[in-house]
């Protein structure tokens, strides 16, 4: 197959599971991809940036059942949340793929059938320790626990023993081919430390891979053997070819493939750097040029995950700050190959120091002086002096360094260079003292030159930061009355000039208002500042001991009857069965659930809560619900869970 078009750049994020709402880890990956995509567009590349959702598999099936939904209903609901978050983060993707689309499922079946006919897939029986959370069999080298079980090394959850008929992919046949490919293409996995991990894993020996399940119904059926569903990772990884046109748009596929970079979290490196290239080799596809495994964002030095209850909702910050401060913080704070520890203090410091003080103040005072001293009009003024020339020379050095770092995906290093240049421009203004020059009419030409030079610099800065903080960059561009977009200007066309002089400038508006740390944060235990104030929806509560927790009697209750409370729009009166007795409780869920939706459902209830009288009705307990944007969302148990079972 021919290589993709010379000027094409194809970048992907992983596709995200729809068993939970998107969090800051998902946002981080997608922001990186978006920044790289925007940069590449300014270089003249024809970029195709794809993201999407992984909607098959046992985790989705299980999560849907817990919510009393079908898997596709859950997927349809969660996909909207991803799409809304990408919109809020100003993510400019080109295509959003869903693995439940017909063209994707048909493409997977065609690939499976081709590999089976070629002998790379065969039927057998597999028994091993299986991780339900990550949906894969654990490697044999994972040690046993004292009780004879095994713990998944990736997610930390206990695995189960599973034996089933399965189709296998002959992964063992590709061990030497993979090692030869790695040796010939040392930049295939980045950063280098990740490549070392991959090579070590492959050298330790590869065994054939089970790629179907008979215990999971929510998946792509195996051609001619529908009792088997195709393993979710075999299904999901091939989104990169089906989304690029395989089997439905050959012209697009030939233009895009192979992908230039698969951007992933380091926890799914093995799937992308071992299994995926082996699948591609077997199918006769060229391999992608790079798999880049970025680090994790940690909270309290621990990886964020739903199971650990420490994920951060990016909407909390977006609702207050908008997209650019969060984008900047995540990309500036750490190199993308390393882990970072998220703190609200660190975030606020970046907003105030880097964005408000350094960049925002520079743009604000430059434009204000142009308005005040020059009636909003920029012209060249006197011939440049040494300090003006030095600032232009620094621009040329910065332009090259920023280009090189963006090209290497060293986004934090690119931003370091930009902020070093911002510091130079701020010093230039401090040394030139235009506020003093403005007092002498004989120095009017010099004043115009100083402010012209500063305006040229902030124009360049806007271009440099556009991939990372596009909304703010566009505001600077507009204030300077620039014609054309950043992409139209292009890296090759970027010069230390303001075309079309003289020109008017717009009135300056604060880009990044300063945030008072004490106003934004509140004190947690022992005076540690830990979380945003209550109005930002993240709450910190005092810790309790385990014996205190054990005092709560939580039971599974079956809802027998539901009726509205007269005169109350939000309240429902529920009659519940606790297995040993029936009770009535009042719950503020009428706006989220119709009565007929609740009858027969099972939910968790606190049964030893002191009774309360609500609207003249005694409520003998409390049903548990999640607070999602101020709306109560119940978690339901399947019918197989006994009524009255303790919740632990």
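The values are calculated or read from the model by the stated rules, or taken from the named source; none is laboratory data. Note that the structure is a prediction, hence the values are computed from the model and not measured. Cβ placement follows ideal geometry from the backbone for every residue including glycine, while neighbour counts extend to all protein chains displayed.
Observations
- Of all residues in segment 618-634, those that are farther than 16 Å from residue 68 by Cα have Cβ atoms under 6 Å from Cβ atoms of residues that are at pLDDT below 85 and not in a strand (DSSP E or B), 6 or more apart or on another chain, in 618/611; 620/611; 631/592.
- Screening 346, 360 for residues that are in a helix (DSSP H, G or I) and free of Cβ contacts under 8 Å to residues at least 60 places away in the same chain leaves exactly one candidate, 346.
- Residues satisfying the stated conditions in segment 575-590, i.e. within 19 Å of residue 614 (Cα to Cα) and either in a strand (DSSP E or B) or touching a helix residue (DSSP H, G or I) at 6+ places or on another chain (Cβ under 6 Å) (or both): 575, 576, 582, 583, 584, 585, 586, 587
- Residues considered: 146, 158. Of these, the only one that is out of contact with any helix residue (DSSP H, G or I) (no Cβ under 7 Å at 6 or more places or on another chain), surrounded by 14 or more Cβ atoms within 10 Å (Cβ to Cβ) and free of Cβ contacts under 8 Å to residues at least 60 places away in the same chain is 158.
- Residue in segment 569-586 that is over 26 Å from residue 66 (Cβ atoms) and at pLDDT below 85 present: yes
Rundown of residues vs (1) in the same structural domain as residue 433 (by TED's automatic domain parsing); (2) surrounded by fewer than 19 Cβ atoms within 10 Å (Cβ to Cβ); (3) within 20 Å of the chain's Cα centre (by Cα); (4) closer than 30 Å to residue 16 by Cβ, yes/no style:
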{"site": "365", "(1), (2), (3), (4)": "yes, yes, no, no"}
{"site": "372", "(1), (2), (3), (4)": "yes, yes, no, no"}
{"site": "407", "(1), (2), (3), (4)": "yes, yes, no, yes"}
{"site": "414", "(1), (2), (3), (4)": "yes, no, no, yes"}
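- Segment 64-86, subset under 20 Å from residue 233 (Cα atoms) and touching a strand residue (DSSP E or B) at 6+ places or on another chain (Cβ under 9 Å), residue surrounded by the fewest Cβ atoms within 10 Å (Cβ to Cβ): 79
- Only one of 130, 122 that is buried (at least 17 other Cβ atoms within 10 Å of the Cβ) and either touching a residue at least 24 places away in the same chain (Cβ under 8 Å) or touching a strand residue (DSSP E or B) at 6+ places or on another chain (Cβ under 8 Å) (or both): 130
- All positions within segment 87-114 that are farther than 21 Å from residue 232 by Cβ, in contact with a helix residue (DSSP H, G or I) (Cβ under 7 Å, 6 or more places away or on another chain) and not in a loop (DSSP other than H, G, I, E, B): 88
- Residue match in segment 599-608 (condition: more than 24 Å from residue 21 (Cα to Cα), assigned to a strand (DSSP E or B) and in contact with a helix residue (DSSP H, G or I) (Cβ under 6 Å, 6 or more places away or on another chain)): no
- In summary, residue 335 fulfils each of the numbered conditions (1) assigned to a helix (DSSP H, G or I); (2) at pLDDT below 95; (3) surrounded by fewer than 20 Cβ atoms within 10 Å (Cβ to Cβ) with the single exception of condition (1).
- Some residue of segment 513-523 being at pLDDT 75 or above and over 30 Å from residue 320 (Cβ atoms): no
- The selection criterion, being farther than 28 Å from residue 505 by Cα, surrounded by 21 or more Cβ atoms within 10 Å (Cβ to Cβ) and in contact with a strand residue (DSSP E or B) (Cβ under 9 Å, 6 or more places away or on another chain), holds for residue 317.
- Number of positions in segment 98-132 that are more than 18 Å from residue 226 (Cβ to Cβ) and within 32 Å of the chain's Cα centre (by Cα): 7
- Any hit, segment 22-45, residues being in contact with a helix residue (DSSP H, G or I) (Cβ under 7 Å, 6 or more places away or on another chain), part of a strand (DSSP E or B), surrounded by fewer than 23 Cβ atoms within 10 Å (Cβ to Cβ) and touching a residue at least 12 places away in the same chain (Cβ under 8 Å): no
- Within segment 196-229, the set of residues being touching a helix residue (DSSP H, G or I) at 6+ places or on another chain (Cβ under 6 Å), modelled with pLDDT of 95 or more and not in a loop (DSSP other than H, G, I, E, B) comprises 198, 199, 202.
- Residue match in segment 54-61 (condition: within 22 Å of residue 237 (Cα to Cα), at pLDDT below 95 and out of contact with any strand residue (DSSP E or B) (no Cβ under 9 Å at 6 or more places or on another chain)): yes
- One residue from 135, 141 being in the same structural domain as residue 54 (by TED's automatic domain parsing), over 18 Å from residue 57 (Cα atoms) and in contact (Cβ under 8 Å) with a residue 12 or more places away in the chain: 141
- Tally of residues being assigned to a helix (DSSP H, G or I), touching a helix residue (DSSP H, G or I) at 6+ places or on another chain (Cβ under 9 Å) and in contact (Cβ under 8 Å) with a residue 24 or more places away in the chain across segment 238-255: 4
- Given (1) crowded, with 19+ Cβ neighbours inside 10 Å; (2) in a loop (DSSP other than H, G, I, E, B); (3) at pLDDT 95 or above, number of the condition residue 282 does not satisfy: (2)
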